[in-house]
1. Does Thr286 count as closer than 23 Å to Val155 by Cα and open to solvent by 40 Å² or more (accessible area, probe 1.4 Å)?
2. Outside any loop (DSSP other than H, G, I, E, B) and not basic (Lys, Arg): is that true of Gly334 in this structure?
3. Looking only at residues in segment 618-654 that are in contact with a helix residue (DSSP H, G or I) (Cβ under 8 Å, 6 or more places away or on another chain), small (Gly, Ala, Ser) and surrounded by fewer than 21 Cβ atoms within 10 Å (Cβ to Cβ), which one is farthest from Ser550 (Cα to Cα)?
4. State the number of residues belonging to segment 438-495 that are modelled with pLDDT under 95 and at positive phi.
5. So Val401 clears everything in (1) within 30 Å of Pro541 (Cα to Cα); (2) aliphatic (A, V, I, L, M); (3) surrounded by 21 or more Cβ atoms within 10 Å (Cβ to Cβ) except one condition, right? Which one?
6. Quick check on Gly442: is it within 30 Å of Asp813 (Cα to Cα), part of a loop (DSSP other than H, G, I, E, B), of a type outside the set (S, T, N, Q) and open to solvent by 20 Å² or more (accessible area, probe 1.4 Å)?
7. Out of (1) open to solvent by less than 40 Å² (accessible area, probe 1.4 Å); (2) in a loop (DSSP other than H, G, I, E, B); (3) within 23 Å of Ile793 (Cα to Cα), the odd one out for Pro461 is which?
8. Suppose we filter segment 632-651 for residues that are within 22 Å of Pro699 (Cβ to Cβ) and part of a strand (DSSP E or B); how many remain?
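The values are calculated or read from the model by the stated rules, or taken from the named source; none is laboratory data. Keep in mind that what you see is a predicted model, and the values were worked out from it rather than measured. So basically every Cβ, Gly included, is an ideal-geometry build from the backbone, and we count neighbours across all protein chains shown. Quick note on the areas: whole protein, heavy atoms, side chains included, nothing else; ligands and nucleic acids left out. Shrake-Rupley method; radii C 1.70, N 1.55, O 1.52, S 1.80 Å.
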Amino acid sequence: MRPLLTLLVWGSLVCPPAGSLAAQEPFDFYSRGPYRPAVPRPEAITGYAAGEQQTMYAVMQHYLDTLVATASDRVRIETWGRTTEYRPIRALIISDPANLAKLDQVRAGMAELADPRKTSAARAATIAAQSPAVAVFQYSVHGDEPAGFEAAMQVAYQLAASDEPQTLEILKSVVVVLNPSANPDGHERFAAWYNSVGIGADHPWSFEHNEPWSITGRYSHYRFDMNRDLLAQSQPEVRAMMDGVLRWRPQVFVDHHSTTATFFFPPVAQAVNLNLPPQTTKWFDTYGRGNAAAFDRHGWQYQVRGVFDFFYVGYWDEWSTFQGASGMTYETDGGPEFRLRRDDGSISTFRDGIAHHFVASLATLETTAKNRQSRLLDYYDFRRSALAEAATDRIKRVVIVPGNDPQSAAHVVGLLLHNGVEVTRLRQPLTSRLAHNYLSRGAGSPRTFPAGSYVIDLNQPQSRVAKGVLEPDAELQRSFVERELAKFHRNRRRGEDADKEDYGFYDITAWSLPLSFNLDAYWTEDAGSVGDAVTDSIVPPPPAPGHAASAYLFLNDRPGAARLVLALEGEGFKLSASRAPVRADGRTYPRGAFIARIQRNPAALHERIAALGPALGVPVTAVQTAFPDSAEVGIGSDEVGGLHAPKILVAAGDGISETSYGWLWYFLTRELNASFTPVPLRAIGRMSDLSSFNVLIIPDGSSDRMRRELGYGGAGALAATKDLELSSVASVAPDSGASPDTTMPGNEPPLISKTGAPRDRLEWIPGVIFRATLDTTHWLTVGYERDRIPVFIDGDTFWKPSKSGANAVSFTDPVDSLVLSGFTWPDNTARLLKGSTWAVVENQGNGRVVLFLSDPLFRAFWRGPAKLLTNAILIGPNR
């Protein structure tokens, strides 16, 4: 029988005061004195005690300025950059006066330690004996995990004001670089919203526990997860903070997060990236034990290992570790809510979360101070051992051939340079005795690379990070793989409604940049420094075209081409695209070439295309005659169809993934300079002027949320639903009534459930790169030189081929050739992928429906399939 519920329509609801159910007295942030009276505590500036309010960014910045003014002997401040919304990203530099007086010398010593080719072991030992260590603390990169944001002020005060002996020893031994807000824009959205609605209710369904879609302070302005952006380096905040970290070359880096049920700090779980040396996990244990001792003194609970692995290079903790630091994530157990009900009914408070981060921060600094010299020596050895390992590694060099897409190749080179990776460029051709193509994954063979190719020789101090982002397939620990396979076999023996074991994959397992950008790339088994050092990734602009008598033509072979089309169309010029190879002035151009005809445009075309082409890095050819001298298709042919400028409508709001929307928003706005109109998903069907748009983009989304908004599932399921019938795609799934798989090895559990997983049921995959086949005769694939392309898939959905449309990108290769990178399940993933489709185009009335199985813009480091999307935008509306 359900308990009675009393509904009070008028009157008041009396709640116990915040914190009254807490088991312990409120934590005292000021027990580690004495404190210098001239330095104000945070509440003297904010007006409230820690945890009573979400502090706004400007208030925090005022407090930082106050610290600098009142503790100038211990505190400096430097600006690293600005956010998209123009908030300054500022870091406090805190240490004792003697260290602050020699900061340039400290940084110079770190630079020496970072290059063992120039620095002897004896010199490294001298630096380690004399120099303070450097620790970078970063707080609340997820803006709605604000306990770190608040704790940063308390940590800064303790270091700036306390004369406690332990604190003074920290200041003497460590230069602390404190970034108190790693996501000011996201935090500001969240904090303003929470302060306007928060009352301290602890029920998980209370209003203050659930941010609206438009708030979601976890993300940056463009709704990027900036703890996943270290590969793409797409967000200005990330680039600025990377510069700050690389400027200081820390030995310790801590990224402060929340919220977990119990505080987390390393050691981490499996899997650990195998490019990292054994000393990495040794230091995790050292810092974990130091934190544990501090927490034990307070009787606080904590967790280690658990689910937080150390495999994906794109996290802040992992990226900083690849730079030689002990990079760690701390997850606190209080906030963002004022009060949070645990699963046992007890309450954790926002103040608790702040206190736990405060204690962990100081404990980490104390551990660093105690291990200062050995930590500095290991920082040096991190790169010295990397050089030794590079000499025996099978992958000696990575070669990137720019070909017809110098922009994408240069972009990846820029990402490497920003990591401090050394890159050279060939002055003359280079022959490798054994080179392996990234896309074919076959046996190596001799190959000659043309002049202009980029070479990354892994025999360099930054070889670990270079290999970490470039290697074709990151290797997982064998013990981890065996453990996950055992879970897989057990799960598939259990009934469909039985509890299943969770897999240990925390994030994606494949990210290789040459694959994600679809570059013509190779790794070689021969080594040696060749070519000239590359210092920037600027591609020289092509020359302006001459004056055309008939038309201007440019190829769809680089990202700048789509931007040039949009720029010209935005100024009112009319363009066309060839559906077949086109002949002009004695030369044949591939299908998909863009053409601006003189006859159909105003005279200003000559001046504008001559200016825009070089500015956007696109070579433009001036065509003097429409007569094709030796082919059927010329620039005046019917095979050259007119384009209509896209008027783009994008679904937003509930039902749409914030990050998928953000990746598209960033791509359209910052990379294509294309305007669009975002409209809530629920409102699109009610728009009276829907016909004024000719492109509708529905980003990825949650099936349940999308169903609530529209009554349908995810974007692909939405198009295929019987009520709309926009597509004939269907998920790969076993026939109803299929028998459980009895071919699996092992005997746990001993009996197979009658409703166990059938052999043809796809198992969820943790982010894998596959080799897909392009239909090179279809308009969606114009601009691609090769008929194979790497695509990224995660989740548990593959698509059967479309029955009525074109399967423009599909999986046709042999089963053993489909997987390029990442973890897959044996006798399941690749076998079921074979014969499925990734991109589908179906005609509906006067329009087209284009479907992508997974996001072609994933995390902004996926750009290989982006041309498929721009083709859909530019060419799709022109049927």
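1. yes
2. Criteria not met by Gly334.
3. To start, the set of residues in segment 618-654 that are in contact with a helix residue (DSSP H, G or I) (Cβ under 8 Å, 6 or more places away or on another chain) comprises 618-620, 641-654.
Subsequent filtering for residues that are small (Gly, Ala, Ser) retains 641-642, 645, 651-653.
Now drop any that are not surrounded by fewer than 21 Cβ atoms within 10 Å (Cβ to Cβ), which leaves 641-642, 645, 653.
Details: Gly641: 16, Gly642: 16, Ala645: 22, Gly653: 47 Å.
Here the answer is Gly653.
4. Result for segment 438-495: 1.
5. So Val401 meets the others, but not (3).
6. yes
7. Of everything listed in (1) open to solvent by less than 40 Å² (accessible area, probe 1.4 Å); (2) in a loop (DSSP other than H, G, I, E, B); (3) within 23 Å of Ile793 (Cα to Cα), Pro461 misses just condition (3).
8. Here the count works out to 4.
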